[in-house]
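Have a look at the structure below before the remarks.
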Amino acid sequence: MSVDVVVAAGDLVIRRLRDDDEDYSRMTRWRNSPHVLRWWDPDLPPRTIASIKEEYQPDTAADAASTACIIELEGVPVGFIQFYRWISYAEEAAHVGIPFDDHAYGLDVFIGEPDRIHRGLGTRVVAMLSDYLIAERGASSVSLTTAVDNHAAQRCYEKAGFAKFEQLLDTDTYRGERVRSWLMIKEGAR
């Protein structure tokens, strides 16, 4: 397995985001796609390669607090997923209202290619990464947030073993208002 591969199963690979123009260009295109932009920082201005590089380049370092990854299906990049220990983002977790301990992880995900959404890929990816975090990294829990009106994402995460915990206001804004979201949690090692 390549050193940049985090976890793989069959035709699905989660690999680290590479510090190169190809990955930054792909991320720029995905982040500006309407189906991603609707749910992922929708009030931000259009993304540029420079802004994407500024945002994600720190996460390409081996010792980064957040691990930014590309999702590949049959060797083709199709989406993005990142994971982190909440203890590294304690202020943000407290501000939003996310309970955590030293071994709690969070993740964020989107499928970037429009022809790959609504095909069960998100469920497979989220299940694969959360199971990896629990089994290999000793995660006590894995959590994520999703807008209360993003029913497709909620079904995806429930199929991956997550349960709705409580509603909260995420830090993302939509039309100037913080996004009311479900905190969803998958319990892990205790």
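Rule-based calculations on the coordinates, nothing more; no lab input. Worth saying up front: this structure is predicted, and the values here are computed from it rather than measured. When we count neighbours, we look across all protein chains shown, and the Cβ atoms used for this are built from the backbone with ideal geometry, even at glycine.
Structure notes:
- The stretch 5-187 - share of DSSP beta bridges that are antiparallel (%, nearest 5): 95 percent
- Reachable lysines from Lys186, criterion Cα separation under 24 angstrom, eight or more residues apart if same chain: Lys159, Lys164
- Order of Arg38, Arg16 - criterion: other Cβ atoms within 10 Å of each residue's Cβ, fewest first: Arg38, Arg16
- Considering only Cα atoms, the convex hull volume of the chain works out to 116 Å³ per residue.
- Scanning the chain for long hydrophobic helices, with DSSP H runs required to stretch 20 angstrom or more by C-alpha along their axis and to average at least -0.5 on the Kyte-Doolittle scale, returns 121-137.
- Proximal charge balance of Phe83 [Cβ under 10 Å; K/R count +1, D/E count -1]: +1
- Ranked packing of 104-117, 60-73, most packed first, by mean Cβ within 10 Å: 104-117, 60-73
- Protection proxy ranking for 4-13, 19-28, 167-176, 142-151, using the average of other Cβ atoms within 10 Å per residue and placing the highest first: 142-151, 19-28, 4-13, 167-176.
- For the chain, the relative contact order is 19 percent, taking Cα pairs closer than 8 Å that sit 6 or more residues apart in sequence and dividing their mean separation by the residue count.
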